[in-house]
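A short write-up of the structure that comes next.
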Amino acid sequence: MDHSSVDHSTPVLPVRQEPLAVRPPRHRLARRFILWRTLNTLFWAMGVLGVFVTLHIIFAGIRTWLDPITWGVAGLFLVNLLFMPTYRYLVHRWETTDEAVYSLSGWITREWRIVPVSRIQSIDTVQGPIEQLLGLSTIKVTTASHEGHVKIEGLETPIAEEAVRRLNEIAQATPGDAT
């Protein structure tokens, strides 16, 4: 093998031997996350309840069983609108380090995720229409494992862009096969 053609300019980070600790990530989401989640839920509620009301108007014969379902779904959306966005804001956390991406999310069930940088296959930034209006972004970190992804919603766009840039640099310099 000709060693003169090997590129030594790419830094190689040391392989971490000890396991990554499960701990709460340090960073909160942007405060506008609450508004984004509220608007998102409101639009879903309008769509779903709009279908129920349309069915109520068109089909008189199904009203006896459709009306209680409609009121139940409306109640669930009301709870979602009033409490869920703020509660998620208070719970959700995220962090990126040289070794891993950490996230804590959930509403009823909390989920801690740790994705080692050596397992990262892709890093995406997503902005839906409401996120664009509010200056927010979502980061999606994907691994080869179906369960190995991390989705961090509600980040200010410049912070998300910097996190993705930094993660990309670290992932490219980290040895491993991303599986």
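The values are calculated or read from the model by the stated rules, or taken from the named source; none is laboratory data. Just so we're clear, the structure is a prediction, and the values are computed from it rather than from any experiment. Note: ideal-geometry Cβ built from the backbone for every residue, glycine included; neighbour counts use all protein chains shown.
Just one of the listed residues (L66, L76) is more than 30 Å from A160 (Cβ to Cβ), of a type outside the set (D, E), surrounded by fewer than 14 Cβ atoms within 10 Å (Cβ to Cβ) and not assigned by TED's automatic domain parsing to the domain that holds H149, namely L76. Name the single residue, out of those in segment 157-179 being of a type in the set (A, V, I, L, M) and in contact with a helix residue (DSSP H, G or I) (Cβ under 8 Å, 6 or more places away or on another chain), that is modelled with the highest pLDDT. Step by step, filter segment 157-179, then rank; the result is L167.
Looking at L20, L42, L13, just one residue is at pLDDT 95 or above and either surrounded by 13 or more Cβ atoms within 10 Å (Cβ to Cβ) or assigned by TED's automatic domain parsing to the domain that holds Q132 (or both), and that residue is L42.
Only one of (1) in contact with an Asp or Glu (Cβ under 6 Å, 6 or more places away or on another chain); (2) without any contact (Cβ under 8 Å) to a residue 40 or more places away in the chain is not met by Y102, so which one is it? For Y102, the failing item is (2).
Selection within segment 153-177: residues that are β-branched (V, I, T) and over 20 Å from G135 (Cβ atoms). The member of this set that is farthest from the chain's Cα centre (by Cα) is T174. Would you pick out the residues in segment 134-179 that are part of a strand (DSSP E or B) and either among the hydrophobic types (A, V, I, L, M, F, W, C) or touching a Cys at 6+ places or on another chain (Cβ under 6 Å) (or both)? Across segment 134-179, the qualifying residues are L136, I139, V141, V150, I152, L155.
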